[in-house]
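Report on the structure given below.
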Amino acid sequence: MDLDNEELLEEGGSRLTFPGETLTSSQAYMRGHGTYVDNEEVIASVAGTIERVNKLVTVRAIRTRYNPEVGDLVVGRITEVVQPRRWKVDANSRQDAVLMLSSVNLPGGVQRRKLESDELQMRNFFEEGDLLVAEVQAFFSDGAMSLHTRSLKYGKLRNGQLVAVPPILVRRLKSHFLTLPCGVDLILGLNGYIWVSKHVKESEQEGEEGFDAEAVYSNQNDDIDESTRTAISRVTNIIRVLSSHFIPMSDMLLLEAYEWTVDQEGNAKDLLQEDFGEALIASINTR
Amino acid sequence: MGSRVEILNEGGFRSDGRRQFELRDMTIDLSQRGIADGSALITHGLTQVLVSVFGPREAKMRSQTIHDRANINVEVSVAAFSTGERRKRSRGDKRILEIASTIKSTFEPVVQTNLYPRSQIDVFVQVLQQDGGVLQACINGTTLALINSGIPMLDFVCAVTGGVHSTSPMLDLTLLEENDIPNVTVAMMPKTGKIALVTMETRLHVDRFKEIFRLVSDAGKVIHGEMKSAVLSRSTSLVTAMGSGPRTRGGDLEERDVDDQMNNY
């Protein structure tokens, strides 16, 4: 089955395909991701939507692991402390990401030499199981990504909980740090890991000049009052419901959903019941 | 032969009421299960198999990493309640290990493992009900689960069993037929017609082989049609779900406007 040019030209159109389907036999097109060439034909290798940018034909799989790009914001979990001078981070990608000791902020000023003592006390900064937010810095030759946390926005996560969704449901936004009016902060990692936590006031954030290593690498949660705890679990459950219905996340949507659940006077856990979740989706769709 | 049931009666019907070349009813469920990256529940008649795919992900054991491609790790487990006689099979059972290694070697050339160096793709196959054609169901299920998890493959792999009763060939055998007559399982790639696997545990007369082989290849195309439509309907439902909700649609429209403007320059 050949696509004629008109169909391919339809930009933004979402024609679906599956592995083994011939997309075009024309020489005018270049093969992109999700395709391969056999017998001078461009053939799809994944099930998904056909996309075309000028001469490049790609197929984007709908459900897949996270494909990192430089500059992406990701949330990850430390899986291993490896010598020399690096951590392995699970970031929902095809391999564990690498966080070098040289790409984290160390106590005592942003600019300083790495000492041998830093190397020996790496577990004081990040330990196995710790969650962190970071940015993709570069790639290694085998495709593994290297992360960095060299900003005050990045670093260890606490005061909240993690929820994982398919990566395609997190779109690129202006900011991936959201604050909902219900006293909840959200970090939407592009790898599909979402961190929901207690709101931290800007002024209380670890200040620029007084980079407080104690606070940045602390493992101790702050005091979280009950209403905040409820709000956090409510938001988490909303995200779970949205992801189970395969609806992309956005701040407006989450806010609407939150207001709706508060109006319904249900408990946070009610959301996980199927009928309640479906009612939520229905109410979103009608707005 | 000891069985009282006729494999093929004079009217041309088999023990379960099918004709010679008729395939069993096939159902496919591709919905999300747990945290698997892709899964598929497939039934061929009374044979039911659940396949879950995880990955590509970091290999659990460093010794298993391959520096230039992904390692496919297949684990098969057979439920104790899957057969008529309740029987617990251990994971080390030779029979099960053989199925696992057959699946692995079938998919290694089809999956584009070279795109994921040093990674591992885990395939967990659970046989829930057995009524003949277990390997065929495992292979078809694995194809669907891999596609569902967005792992690039050259083509579908469609497997069918075929057998021959005296001189009449038959397709998609049940357990009863499988025990009585010589049979062969063939996995083929419908686009090119290439064969990914031919396996036999019984002896089959060489004169019969050609005919059965041709029939089984044709049947593979029918299975391909079923699997294709299941994959497409799953993709369609996901794409529609993603597009629903007023906010997201608005966003897309804006983006497209920008695209159009860009094109004008």
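The table for this structure:
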{"item": "Contacts under 6 angstrom Cβ, first residue in region A:81-99 being over 22 Å from A:I168 (Cα atoms), partner open to solvent by less than 50 Å² (accessible area, probe 1.4 Å) and among the β-branched types (V, I, T), 6 or more apart", "result": "A:R86/A:V98; A:W87/A:I78; A:W87/A:V81; A:K88/A:V82; A:L99/A:V89"}
{"item": "Leading residue by the ranking (farthest from the other protein chains (Cβ to nearest Cβ)) among those in region A:83-92 that are closer than 23 Å to B:P56 by Cβ, open to solvent by 10 Å² or more (accessible area, probe 1.4 Å) and out of contact with any Lys or Arg (no Cβ under 6 Å at 6 or more places or on another chain)", "result": "A:R86"}
{"item": "Residue within region B:40-61 that is outside any loop (DSSP other than H, G, I, E, B), acidic (D, E) and touching an Asp or Glu at 6+ places or on another chain (Cβ under 7 Å) present", "result": "yes"}
{"item": "Test result for B:Q120, touching a residue at least 12 places away in the same chain (Cβ under 8 Å), more than 22 Å from B:D29 (Cα to Cα) and part of a strand (DSSP E or B)", "result": "yes"}
{"item": "Test: residue in region B:229-239 that is more than 11 Å from chain A (Cβ to nearest Cβ) and in contact with a helix residue (DSSP H, G or I) (Cβ under 6 Å, 6 or more places away or on another chain)", "result": "no"}
{"item": "Matching residues, region B:1-39, being basic (K, R) and part of a strand (DSSP E or B)", "result": "B:R14"}
{"item": "Residues that are open to solvent by less than 10 Å² (accessible area, probe 1.4 Å) and touching a Lys or Arg at 6+ places or on another chain (Cβ under 8 Å), drawn from region B:51-64", "result": "B:G55, B:P56"}
{"item": "Hey, A:L186 at pLDDT 90 or above, within 14 Å of chain B (Cβ to nearest Cβ) and under 27 Å from A:V235 (Cα atoms) or not", "result": "no"}
{"item": "Which numbered condition B:G17 misses (of (1) open to solvent by 70 Å² or more (accessible area, probe 1.4 Å); (2) without any contact (Cβ under 8 Å) to a residue 60 or more places away in the chain; (3) closer than 14 Å to B:L173 by Cα; (4) not polar (S, T, N, Q))", "result": "(1)"}
{"item": "In region A:14-28, residue farthest from the other protein chains (Cβ to nearest Cβ) [restricted to those that are open to solvent by less than 10 Å² (accessible area, probe 1.4 Å) and under 13 Å from B:G150 (Cα atoms)]", "result": "A:T17"}
{"item": "Filter result (open to solvent by less than 20 Å² (accessible area, probe 1.4 Å) and either more than 10 Å from chain B (Cβ to nearest Cβ) or in a loop (DSSP other than H, G, I, E, B) (or both)) within region A:35-67", "result": "A:V42, A:S45, A:V46, A:A47, A:I50, A:V57, A:I62, A:Y66"}
{"item": "In region A:93-120, the residues that are within 30 Å of A:V196 (Cβ to Cβ) and loosely packed, with under 12 Cβ neighbours inside 10 Å", "result": "A:V110"}
{"item": "Selected residue [at pLDDT below 95, surrounded by 22 or more Cβ atoms within 10 Å (Cβ to Cβ) and away from chain A (no Cβ under 12 Å)] from B:M170, B:M200", "result": "B:M170"}
{"item": "Residue check, A:I284 touching a Pro at 6+ places or on another chain (Cβ under 9 Å) and within 14 Å of chain B (Cβ to nearest Cβ)", "result": "yes"}
{"item": "Pair list, Cβ under 6 Å, 6 or more apart: region B:71-94 residue without any contact (Cβ under 8 Å) to a residue 24 or more places away in the chain, other residue assigned to a strand (DSSP E or B)", "result": "B:R89/B:V78"}
{"item": "Selection from region B:213-240 of residues that are farther than 30 Å from A:P248 by Cβ and open to solvent by less than 40 Å² (accessible area, probe 1.4 Å)", "result": "B:L215, B:V216, B:S217, B:A219, B:G220, B:I223, B:H224, B:G225"}
{"item": "Matching residues, region A:146-162, being crowded, with 19+ Cβ neighbours inside 10 Å and touching a Lys or Arg at 6+ places or on another chain (Cβ under 7 Å)", "result": "A:G160"}
{"item": "Hits in region A:235-261 (condition: open to solvent by 70 Å² or more (accessible area, probe 1.4 Å) and either more than 11 Å from chain B (Cβ to nearest Cβ) or of a type in the set (V, I, T) (or both))", "result": "A:R240, A:E259"}
{"item": "Any hit, region B:65-83, residues being under 18 Å from the mean Cα position of the chain (by Cα), closer than 24 Å to A:K88 by Cβ and open to solvent by less than 40 Å² (accessible area, probe 1.4 Å)", "result": "yes"}
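The values are calculated or read from the model by the stated rules, or taken from the named source; none is laboratory data. Just so it is clear, the structure is predicted and the values come from calculations on it, not from any experiment. Virtual Cβ from ideal backbone geometry, glycine too; neighbours counted across all protein chains shown. Side chains included, ligands, DNA and RNA excluded: accessible areas come from the protein's heavy atoms. Shrake-Rupley method; radii C 1.70, N 1.55, O 1.52, S 1.80 Å.
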